[in-house]
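S.K.: Quick one: structure below, then a few questions.
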Amino acid sequence: MVTVTFLTLPLREKLVVEVPENTRVTLLNLMKRYNLPKQCVCGEGKCGACAVKVAPMRQSARMVRLSDMERRELFQAGKLSLEESESQDLKDIPPRWRLACQYVVADEPVLVAF
Ligand code: FES
C-alpha cells in the first residue's frame, strides 16, 4: 500500500488515502474518487489546470523525470522556472508542481496540496 495525503482548503482535516501498489491510478482519478474539488479541463496533460503541489513523505527524494508535455504545460502555467523547464532531469529535489492528470501514484508516499 502507498499512502497519498491530501491537503486542500475545502477539507477541515487532511485526507489520507491508501492505494494498493501497482494500481497505476493518477492523482486526478483519486481526487475525483474522493470528491476533492480541482478544476481540470483536458485530462490529457494539455491545459495545466490540474497542477497540484506534490511532496515526498520520505526523507530522501528520488530523481524524477517529467515528460516533455508535462514540463511544457507546467512552465506555461507558471509552475516551473525556465531553468527547470529546460532541464531533462530535475535534480535531487522533485518539482513541487505536478499535473494531477499525469502523475501516476507509484511506490512512494506523497503529500498533495492545492
Ligand atoms: S487536466 Fe489539463 S493538464 Fe491536467
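We did not get these values from a lab; they are worked out from the coordinates using the rules stated. Predicted, not measured: the structure shown is a model, and the values here were computed from it. Don't worry about glycine lacking a Cβ; one is built from the backbone with ideal geometry, like all the others, and counts go over all protein chains shown.
S.K.: Along the Cα→Cβ direction, 7 angstrom out, place labels at residue 108 and residue 81. What is the inter-label distance in nm?
M.R.: The two pseudo-label positions are separated by 2.0 nm.
S.K.: Among the lysines, select those whose C-alpha is under 17 Å from the C-alpha of residue 79, and discard any that sit fewer than 8 residues away in the same chain.
M.R.: Partners found: 38, 46, 53, 91.
S.K.: Could you tell me what % of all Cα pairs in segment 2-113 have separations over 16 Å? Kindly include the intermediate steps, with their values, before the conclusion.
M.R.: On the way: 3567 of 6216 pairs.
The calculated P(r) of segment 2-113 puts 57 percent of pairs beyond 16 Å.
S.K.: Suppose a student asked you for the relative contact order of the chain, using Cα pairs under 8 Å spaced at least 6 residues apart; what percent would you report? The partial results should precede the final answer.
M.R.: Working: 199 pairs, mean separation 46.6, N = 114.
It rounds to 41 percent for the chain.
S.K.: Fewest Cβ neighbours within 10 Å first, please rank 34, 103 accordingly. If you can, show how the numbers build up before the last one.
M.R.: On the way: 34 12, 103 23.
Neighbour counts put them in this order, fewest first: 34, 103.
S.K.: Right, next: Can you sort 101, 47, 42 by how many other beta carbons sit within 10 Å, fewest first?
M.R.: Numbers: 101 27, 47 17, 42 13.
Fewest-to-most ranking of 101, 47, 42: 42, 47, 101.
S.K.: Hand me the GluC sites (Glu not before Pro) from segment 1-49 located in a DSSP loop with no more than 10 other Cβ atoms within 10 Å, in residue order please.
M.R.: Of the GluC sites (Glu not before Pro), the ones in loops of segment 1-49 whose Cβ has at most 10 other Cβ atoms within 10 Å are 13, 21.
S.K.: If each of residue 8 and residue 41 carries a label point 7 Å out from its Cα toward its Cβ, how far apart are those two points in nm?
M.R.: Using points 7 Å along Cα→Cβ, the separation is 1.9 nm.
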